[in-house]
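Note sheet for the following structure.
None of the figures in this text is laboratory data; all of them are computed from the coordinates on show. Computed from a prediction, not measured in an experiment: that's the story for all the values here. Every residue, glycine among them, receives a Cβ derived from its backbone with ideal geometry; neighbour counts consider all protein chains shown.
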Amino acid sequence: MEDIEIISLYIERDERAIAETDGKYGTRLRRFADNMLSAEDGEECVNDTYFSAWNSIPPARPVHFCAWLLKVLRNHIGHRISYLTADKRKAVVQELSDELLTCIPGGNVEEEVDSGELGKTLSAFLYGLPEDARRMFILRYWFGNSVKEIALSTGSTESRVKVSLHRTRNRLRDYLAKEGYAV
């Protein structure tokens with residue numbers, strides 16, 4: 001079933017919308033969640049994502065349904081991690097945050113991302129990267145894959161992945177500075 005048809009089911013309040021969403025994107029959503037959480041917590045976040053989709057459509061009418069679902073899921077994962085770790089941080093999230101800390105501008109990043117300007121700038125940067133560097137960067141910082149997982153999926157060595165990510169972070173820092181973002 002096409003995304004537009006699934007969204008129409010949500011708009012019509014037809015419960016098949018959730019089953020169709022799960023059939024088309026469930027595996028991808030669960031794999032994404034499992035990279036950050038335990039299987040049980042990941043499944044709960046996926047179910048919360050379906051519930052959010054049910055409550056948000058309408059009035060929302062996502063143009064890129066899969067990307068929209070992943071964004072909603074990412075928010076649920078963030079809330080779940082905050083809940084599970086309370087005063088302490090999960091090592092993987094801390095590690096990823098530390099890696100990008102030198103690239104992303106200071107201040108309230110969430111406000112800048114919500115305004116869309118930083119997001120557009122990051123998209124322009126990513127589209128300017130060679131395909132293999134872009135893929136490694138997205139696998140690491142969007143999907144939260146480990147260096148070893150990235151090496152296996154790209155057919156590279158772990159050392160090559162680390163070097164590529166390091167160089168890409170440096171390029172991102174320079175690019176953001178050139179675009180007027182203070183690092």
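Of note:
- Computed from backbone phi, the HN-Hα couplings of the range 123-137 come to 4, 4, 4, 5, 5, x, 7, x, 4, 5, 5, 4, 4, 4, 4 Hz, rounded to whole numbers (Karplus: 6.51 cos²θ - 1.76 cosθ + 1.60, θ = phi - 60°; Gly and Pro given as x).
- Rounded if a/c under 1.5, otherwise prolate or oblate - the range 3-85, Cα gyration tensor axes: prolate
- Vicinal HN-Hα couplings computed from phi for the range 142-147 (Karplus, 6.51 cos²θ - 1.76 cosθ + 1.60; Hz; Gly/Pro x): 9, 8, x, 5, 6, 4
- When both the range 1-61 and the range 114-183 are represented by their alpha-carbon centers, they are found 27 Å apart.
- R0 of 30 Å, Cβ-Cβ distance Ser52-Lys148: FRET efficiency to nearest 0.05: 0.40
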